[in-house]
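Take a look at the structure set out below.
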Amino acid sequence: MKLEVRIERTSAPKAHPPESDLGFGRHFTDHMLLVDFHESQGWSDARVLPYGPLALDPAAAVLHYGQAMFEGIKAIRGDDGVVRVFRLERHCQRMASGAPRLCMPAPDPEMLAHCITELLKVESDWVPRARNTALYIRPTLIATEPFLGVRPAHQYLLYVILSPVGSYYGGDTLKPVRIWVETHQTRAAKGGLGAVKAGANYASSLQAAMRAKKDGYDQVLWLDGAKHEFLEEVGTMNLFLVLGDELVTPALGDTILSGVTRDSIITLAKARGMTVTERPLSLAEIVSAHESGKLKEVFGSGTAAVVSPVSELVTADRRMIVGEGVGPIGQSFYDELTGIQHGTRRDAHGWLTAI
Ligand SMILES: *Cc1c(COP(=O)(O)O)cnc(C)c1O
């Protein structure tokens, strides 16, 4: 399914921010893409418009009952100048498979990929050139029908905005993070929305994250919501541990977001011949692995940071220092993934879409 994308160009292009000071999610490009959904008509009127505020009825369902989800994708300008999107199809498929959990219409993944590609063609000059910068792509799906009864809305808006972002680490050197292990609050409950990139999951995570920041930690390690015994995710990233020679990540379920970076690391690890295991990981197992010296590395994975090494895991009664901070395995996945994204390593798995 392909929609014709209408293009209306801005008459007032913005100055590009300096690439040395992009930060994350602070700047937006000149245009955005919008597609409407009406229950009776399906998807219609795909259009690229000048970037600007949306007109929403104050009764729009998203503002009351939270039917909202999003994606996060990166377009990278390679060392050869070519702009490539990393795993575009997989991100579009994830949005399509998540929408039904929120009773929202699933955008056809091919339609969404086509719309994103058309927007990127208009905005290609906004993909920054400095090493380790990227254009972050944020597709968003919201319920727009003005109606206060509690039921799934009949009207939706799919839109895509773009943000030039700087190197997460300010350079090539990974910075390890200190993690607070949260044993009271919960990011996602069994049977809930945890496997979907729903805005509501972030609302649920803010308070514990803020408290951890105030206490001097960078992120929160989330445990299962039922008993707070099993590891789930770290901040907004999936979690990997190196236990002896084994690479382990918590098995997916309906409380863990199925990260594209997670899947990429598992694929690369298997290609290297490493033992990769997806299984439940209890905090008790980590504590004993730390005591026996088996816990070599901990790192998070996600589109924004790619790999985020963990140097410390701290609970109310225990402080676990992990390895040297930045471990060789986490670093090697960071190098391999960013190498593929920049076109300097072979894209053996067909992950890149050139624009
Ligand atoms: C987006 C996200 C991730 C990472 O997913 P990627 O596809 O690798 O970016 C992990 N956990 C949560 C909760 C997320 O929202």
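What follows draws every value from the coordinates through simple rules; no lab data is involved. On a predicted model such as this, the values are computed, not experimentally measured, just so you know. Every residue, glycine as well, gets a Cβ built from its backbone with ideal geometry; the counts of neighbours run over all protein chains shown.
Summary table
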item	result
Selection of trypsin sites (Lys or Arg not before Pro), the stretch 277-355, meeting DSSP coil and at most 13 other Cβ within 10 Å	R345, R346
Beta bridge orientation in the chain: antiparallel %, DSSP, nearest 5	80
Other-chain or far-sequence residues with amide H under 5 Å of L56's (modelled H)	none
Acute angle (nearest 10 degrees) that the helix 283-292 long axis makes with the longest principal axis of the chain, alpha-carbon atoms	50
The stretch 25-43 and the stretch 59-100: distance between their alpha carbon centers, rounded to Å	12
Value at 222 nm in deg cm²/dmol, rounded to 500, when DSSP H runs of n ≥ 4 in the chain each add -39,500 (n - 2.57)	-7000 deg cm²/dmol
Folded to 0 to 90 degrees: helix 199-214 orientation relative to the chain principal axis, Cα	50
Zone residues, the stretch 136-152, relative to A55, backbone N less than 20 Å from point 7 Å out along Cα-to-Cβ	142-147
Sparsely packed trypsin sites (Lys or Arg not before Pro) within the stretch 79-186, loop by DSSP, other Cβ within 10 Å at most 16	R129, R131
Whole-Å distance, taken between Cα centres, linking the stretch 259-332 and the stretch 161-217	16
